[in-house]
Each structure stands twice: as structure tokens, then as C-alpha cells.
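Notes follow the structure.
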Amino acid sequence: MASLYELTEIIRSKNAGPYELTFDVMFKNHNVYQAARNSAVITRELIASLYELEVEEVRVLVWFDQALALKITIPRRIPAGSPGERDLYGAQQHVLLESIEIPM
Amino acid sequence: MSDSVRVLIPSGLLGFGYDKELFRSALEESPDVIAADGGSADPGPAYLGSGKSFMSRRSTKADTAPLLEAAIDLQIPLIVTSAGGAGAQAHLEWMVSIVREIARENRLSFALGIIAADIDKDYLASRARSEIIHGLGHVDHLSPRDVHRSAAIVGQMGWEPIVQTLKAGAQVVIAGRACDEVGIAAYPIYAGFPKEHALAMGKVTECGSDCLEIPMERGGDVPVFGEVEEDGFIIRPASTVEGSRATVASVCKHMLYEERDPLRVAIPGGVEDSSLAAFHQLDEGTVRVRGTRFVLDPTYKVKLEGSAFVGYRCISIAGVRSNEMIAQIDHILHKIRDMVRNHFSDLSQDNYQLHFRVYGKNAVMGSIEPERDRVPHELGIVVEAVAKDQDTADSVCKYVTGTCLLHMWYENNRSGCSGNIAVPFSPEEIGRPEAYEWSVYHLLEVSDPLELFPSRIEQVG
């Protein structure tokens, strides 16, 4: 088993517009990218449970071979910058992805 | 027509700074145009709503002056989009005044094109009454109420108003809110090169050196060249930059940035489709991209952004070191909400909002924080009160910080209520920034890409 943290160069989150949060998981090399993709561990259900969402709320979950990257897009809790904002740019919400375990 | 158009992009955001030496040596490579994006909606609705510019005047002027001087010296265009950050009237005028000031100080003379992006509220409200205007990323249709309560509304212009302003003779174009890539794509399109390559190149380069691999120790932004050709485009850093390079990986990685679906990016007029694009490492620092497509929308749609004033705010910050208080903080904050409800019983609860952020516990991630029950040795509590008038916001904030946090009783309070928190500042209230929220974020159909974006040309100097 290896964690996503160990298999990747970059795991980041950022807003995609004021209403959505998008994650990029960029793998170190083609082998680990394929292993992660083929393992089918990262699913909409997993993301929904980590981020306290309904499964249908996971809007995008796609694998991009050219960038050896996985992209996930979910709704933000509140529109960016409204009172009560925790993270204006949505840049610090990625940590939950780091400990996802992938069988190698 | 020459084989290609070379666009020089000095940085990802005008005002963030860029390496002036690298910029100067990039000029020796004969760029055909300099393009700089001035803004973004990322910093939230307050800049649009209040009319404040995102970057300071000082840093914007420092970044703009070399660009303007170079453009006039080389007799090439300079295009700045989303001026002042949010790109509404106040921000556009602010940016134009900076440009005029630089021109005066350096005795520069040129035709200045100014393109506005403000949407008239009566016009938009009338359309909202008579048709369904769909929301982006959220489900609500645009209501006339949301239009009227907005302090400012802009549309993101496409490349068409910029191309038209160039055709009308402008050398320097200062545009209000625009789609991120169009300021960079406009001149290549004006020069007759394919839109699908110009726009895709603009998408890659609109954040400046973020599309490059840069050695960590470099620090400042590296200017980028984007060259549009008949059958594709080329990305590389400005010349003579040691260790900085465009790679297939760095270009592809950047295409993911801030996009919900990077292979198909919607812009005014259509979709940039890079699902069939081929990326090739030409040499160590240069990437060529071919095969990007632009799929025309049957109807032309403009993304609208609008910001509405929510209320006045008062913010304070307090440190906690007492272990007993740290251990009970959730319960204490819950109790404080009850105390506030009682103390301000004359106010209905939709007259004010009270938000806590507990740093050291779960301020950043809230309820999904897996470490929220770990007990740290120190907490930072940020108190945010929002209300319909400043006095109420101040009162709620002061009551929470002074009466409650500083002096309240809690179980096993070993310092006896004399001082439960460490206040870093006098005055305690660290800010009163007005609160705004996004009130419009919708797609509007138009029959003409120019109709919402009037432009004018003035001779400067």
C-alpha cells in the first residue's frame, strides 16, 4: 500500500469559480498513475464521504493521461468570499486526499 | 502575413511583480505584442462590489510602466484586461489614470483604447423578467431582485471588442472585465491567426510563469512567450532564463488549474477543446501544441459577475493558552452564541451574523477536519460579526470578544475570569471590511459579441 501523498508530486485544491472547488492530483510517473487509476480506489463515493457530500454532488472525477493527473470537482459550502468564509481561494482543502491508500 | 505572432506575457497578474531584467531582455526577441491580465474574480466579491482595486496603485504602476514604455518604444500594442482586478467602471478608471500618469511622466504619446464591461442593471433586470438566465455552478436563475441589489455587475468580454478596438487604431488597450485568455489571444486573432490556437495559447499563459518549470530559488515571475502559428502554438520562457523551461508536463499541469474540466473550457462564443491536442517537447525549454479546437456555440453567451453588499462587519482576534479553555472551546463558543442571543434579544436573528474561526483546531476545514478533536497548546479565535449597520456589528463583536471571551466563566476556569484571552491589538477590533457576496454569476445570451462592451479611443500625449 502507498498513500496518494507518496505517489504524487502535487495534490492541490483551488476554486473553479465561486461555487465549485477543484482538486488536482498529479502523479510522479506513469506507473503509479496507472496503478492508482486501475485500483479503482478513488471513487465518487470515497470523495463524497471524505468531504461530507452526497455522491451526486461529486460533479467531476476524471483521469487525464497527458498530465498524469486526476481531477475532482465538488461544490463549495458557501459562495467564495461570503461571510463565514474559511478559505477564500479554496487552496487549503486538499489534505484529506493525501492519506488515501492505493494498493501497489 | 508573417509565420507567427509572438506574444510577450510578463506576468500572471499585473501588480504581482515580474523580473524586470528578464522582461528587458525578452524585448530583444521582437515580441509583436505585450499582453497583461489585470484581474480575476478569485479574490472574492468585495473588490467588484466596493470598487476597490485588487492590487495597490504602487505595485500596479511599477508593473505597468516598463510595459507601456516598451510598447511605445517598439511601436507594438499593449493590451491589459480585467483592469484593476474586477474590471468594473471604478477599476477601469483607476487603471486608465495610472496609464495617463505614466504617459505624462515619460512623455509618451499613443492612441488609447478603453473598453468598458459594466452591465446596465435596468437592461439586465428587464431580461431577467422576460427570460430564463441560467446560473453557472449553481442552480438559481437570475432574478430581477438579485440584479437590483447588486452594487456592480460586469460581463466577461471575449476577444471581439479588443480586436475591434485594435482595428479602430488603438495601440494601448485597457479593457474592463474579460475572459482570462482573450487579452493574450486578441492580437494573434487580429493578425489573422486561427482562434483555436490563439485562445488555447492564452489559456496556458494567462497565469504567466505558472505554466513553466522554474527552479524554486528563482522567486519572481518569469515572463513567458506564447507564439501562435498557423497550425498550433509554442510556449517558452523569456530568453536567457537559467533553469526555467516549458515542458509538456508543466504545460499540461497548468491546463488543469482552476478549471472544472480542462479539456473543454467554455469561453465567450464557444468551447476550447484540447481533448485531441498533441504536446511536443521541441527542445529543452520549448513546447509546441497542435490540435486544439474551438467549437462555436450556436448562441453567444457572456459570463456575468455581480456583487451585492451584505452588511457591515467587525472582526477581532484572540489567542487562548489556558488548557482548560482550549479543551472546552466548542462548548464555550456554543454558550457564547446563547449569551449573544439573550443580550441582543431586541434584534431578530436575521439582523446579524456571528462566525467563529478557531485556528489550531478546524478554522480552515470546518466540520471535515479529521484532527479537530486533537487538543493543541494554543488556539487563535477570529470573531466575525456582520450586521445591517456598523454599530450593531461593532456591538456584537465587542460583546463576544470583551464580555464573553475575555471575562466569562467556564468550568474549571483556573484564572478566575479576569482575562481568558490574549488580545494582540489596541483597538481590539482589527478590521471593519464591508461584507459582500456574489449576487450574479450567470450566462447571458447576446446576439452580438460587441453589444455589451462599448469602447472609445483617446489620444494620449
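Separation of the alpha carbons by more than 26 angstrom is noted, of A:71/B:121; B:20/B:301; A:71/B:303, for A:71/B:121; B:20/B:301. Estimated from the Cβ-Cβ distance and a Förster radius of 45 angstrom, the FRET efficiency linking residue A:88 and residue B:2 is about 0.55.
The chymotrypsin sites (Phe, Trp or Tyr not before Pro) of the range B:386-437 that DSSP puts in a loop, and whose beta carbon has at most 12 other beta carbons within 10 Å, are B:409, B:425.
Measure out, as a whole number of angstrom, how far apart the alpha-carbon centroids of the range B:63-99 and the range B:390-456 sit. Each part reduced to its Cα centre gives a spacing of 33 Å. Our coupling estimate for the range B:406-413, obtained by passing each phi through the Karplus curve with A = 6.51, B = -1.76, C = 1.60 and θ = phi - 60°, is 6, 10, 6, 7, 9, 3, 6, 6 Hz, Gly and Pro reported as x.
The calculated 222 nm mean residue ellipticity attributable to helices in chain B amounts to -8500 deg cm²/dmol, summing -39500 (n - 2.57) over DSSP H runs of n ≥ 4 and dividing by all residues.
Loop-resident trypsin sites (Lys or Arg not before Pro) (DSSP state other than H, G, I, E or B) in the range B:43-147 with no more than 11 further Cβ atoms inside 10 Å of their Cβ: B:107. With the simple spin-label model, which puts each label point 7 Å out from Cα in the Cβ direction, the residue B:426 to residue A:30 separation comes to 6.7 nm.
Run through the range A:37-66 and list the GluC sites (Glu not before Pro) located in a DSSP loop whose Cβ has at most 15 other Cβ atoms within 10 Å. For GluC sites (Glu not before Pro) across the range A:37-66 that sit outside H, G, I, E and B with at most 15 neighbouring Cβ atoms in 10 Å, the list reads A:52, A:54.
For the pair the range B:332-368 and the range A:31-104, the centres of their Cα atoms are 29 angstrom apart.
Placing +1 on each Lys and Arg Cβ and -1 on each Asp and Glu Cβ, with no other charges, gives the range A:1-98 a dipole about its Cα centre of roughly 180 debye.
Residue-wise HN-Hα couplings along the range B:242-250, as the Karplus relation 6.51 cos²θ - 1.76 cosθ + 1.60 with θ = phi - 60° gives them from phi, are 6, x, 8, 8, 8, 10, 4, 5, 5 Hz; Gly and Pro carry x. Each of A:88, A:23, B:194 was placed along the dipole of the protein assembly as shown (beta-carbon charges, centred on the mean Cα), and the one lying farthest toward the positive end is A:88. Taking the centroid of alpha carbons for each part, the range B:16-34 and the range B:180-256 are 13 Å apart.
Per-residue Karplus couplings for the range A:64-80, computed as 6.51 cos²θ - 1.76 cosθ + 1.60 with θ equal to phi - 60°, are listed in order as 10, 4, 4, 10, 6, 9, 10, 10, 10, 10, 10, x, 6, 6, 9, x, 4 Hz, Gly and Pro entered as x.
Under 5 Å from the amide H of residue B:420 lie the amide H atoms of B:407, each residue being 5 or more positions distant or on a separate chain, with H modelled from the backbone and absent for Pro and chain starts.
Computed from the coordinates by the stated procedures, all read-outs in this text should not be read as laboratory data. Being a predicted model, the structure only gives us computed values, none of them experimental. Note that we place each Cβ from the backbone using ideal geometry, even for glycine, and neighbour counts take in every protein chain shown.
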